[in-house]
Amino acid sequence: MRRARVVYQGAIHDVTPLDGKLRLANGRLINEEAVQWLPPFEPQTAFALGLNYADHASELAFNAPTEPLVFLKGPNTFVGHNGATERPDDVTFMHYECELAVVIGKVARNVKKEGAYEYIAGYTIANDYAFRDYLENYYRPNLRVKNRDYCTPIGPWFVDAEDIPDPMNLKLRTFVNGEVTQEGTTANMIFGIPELIEYLSSFMTLSVGDVILTGTPKGTVNVAVGDEVVTEIEGLGSLKNTITRELKSE
């Protein structure tokens, strides 16, 4: 089953797709253009994987990690489908990252990889923008790179785990202004979904609504103000986002 969260006529609604429209809980059908899309669930702790595809590590001139390289993201970073992400004026290299997002469905602690899929509620698409100019050092590697407001579009759909029989064999693509710029497959992750859940739950408790952003393949290119970026994952749909100029407070 697919479902989403939207704002319609001043209220938040859970919706499902039907015949090219959105179906409200009361059965009413509305046009997609009439709503503001929200993240399809309310993210709790967000874990993001760095360099989890060897080809992406290579294109950035990094060695592939020997254990998961994980950092945290705040709730301020997420924005829904059709949302906008600001490009800071001082940034020279900002790129998208099409990622499979794994949503935890029940409390997980000391889970072995063989049983990890039992703890997944579902999946969605994330586009975790990176601002490469802000990459610092070992002590603060990704704080400013990955935690700016609305830097991570997510959605549009939350897809139940049972509807994605093999999440480790999904095609990913990114389009910038209609041109394909990134292609890959989740089969090329260095650390797969079961290994990531085992790793994280070995030292901390994973809770319902926690989300794991599993990394991105090669093909990340610089984007500019005005660009339309669409990230797609097989079976999950298409997530659209627009790059806007940074609005600074007076």
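The distance from the alpha carbon centre of the stretch 124-191 to that of the stretch 1-40 is 24 Å, rounded to a whole number. With a Cα cut-off of under 30 Å and a minimum spacing of 8 residues unless on different chains, the lysine pairs in the chain number 27. The portion of the accessible surface of the stretch 61-191 made up by carbon and sulfur, rounded to a whole percent, is 49 (1.4 Å probe; DNA, RNA and ligands excluded).
Accessible surface computed residue by residue for the stretch 1-130, with neighbouring protein chains in place and a 1.4 Å probe, gives 47 Å² per residue. In plain terms, the bigger the Kirkwood radius, the slower the diffusion; for the stretch 106-187, with that radius from Cα pairs, at 4 °C and 1.567 mPa s, Stokes-Einstein puts D at 82 µm²/s. Here percent of Cα pairs over 30 Å apart was calculated from the structure, and among (i) 27; (ii) 36; (iii) 23 it sits at label (iii). Computed with a 1.4 Å probe over protein heavy atoms only, the accessible area of Glu195 comes to about 70 Å². Sorted largest first, the principal axis extents computed over the alpha-carbon atoms of the stretch 109-250 equal 48, 36, 26 Å. GNM on the chain, alpha-carbon springs under 10 angstrom: the most fluctuating residue among Val79, Val91, Val145 is Val91.
3J(HN,Hα) along the stretch 44-54, derived from phi through the Karplus expression 6.51 cos²θ - 1.76 cosθ + 1.60 where θ = phi - 60°, amounts to 9, 5, 10, 9, 10, 9, x, 6, 8, 10, 4 Hz, with x in place of Gly and Pro. Here Leu170 sits with roughly 10 square angstrom of accessible surface, probe radius 1.4 Å. Ranking of Val7, Val225 by solvent-accessible surface, largest first: Val225, Val7 (1.4 Å probe, protein heavy atoms only, all chains present). Under a Gaussian network description of the chain, with springs only between Cα atoms under 10 Å, the residue in Asp19, Asp149, Asp55 that fluctuates furthest is Asp19.
How would Phe191, Phe93, Phe203 rank on accessible area, largest to smallest, probe 1.4 Å?
Working: Phe191 35, Phe93 70, Phe203 110 Å².
Output order, biggest surface exposure first: Phe203, Phe93, Phe191.
Using Cα-only point scatterers and the Debye equation, what is log10 of I(q)/I(0) for the stretch 71-154 at each q in 0.12 Å⁻¹, rounded to two decimals? With one equal scatterer per Cα and no solvent, log10 I(q)/I(0) is -0.45.
If DNA, RNA and ligands are ignored and the probe is 1.4 Å, what is the ranking of Ile12, Ile164 by accessible area, most exposed first?
Heavy-atom accessible area, descending, gives Ile12, Ile164.
Comparing Arg28, Arg132, Arg87 in a Gaussian network model of the chain, where Cα atoms under 10 Å apart are tied by springs, the biggest mean-square fluctuation is seen for Arg28. The trypsin sites (Lys or Arg not before Pro) of the stretch 155-241 that DSSP puts in a loop, and whose beta carbon has at most 16 other beta carbons within 10 Å, are Lys218. Of all beta bridges that DSSP places with both ends in the chain, some 85 percent have antiparallel geometry. Counting only the Cα atoms, the stretch 176-220 fills a convex hull of 101 Å³ per residue.
The values are calculated or read from the model by the stated rules, or taken from the named source; none is laboratory data. In this text, all values refer to a predicted model and were calculated from it rather than measured experimentally. Backbone-built Cβ (ideal geometry, glycine too); neighbour counts: all protein chains shown. Accessible surface areas use protein heavy atoms only, side chains included; no ligands, DNA or RNA. Shrake-Rupley method; radii C 1.70, N 1.55, O 1.52, S 1.80 Å.
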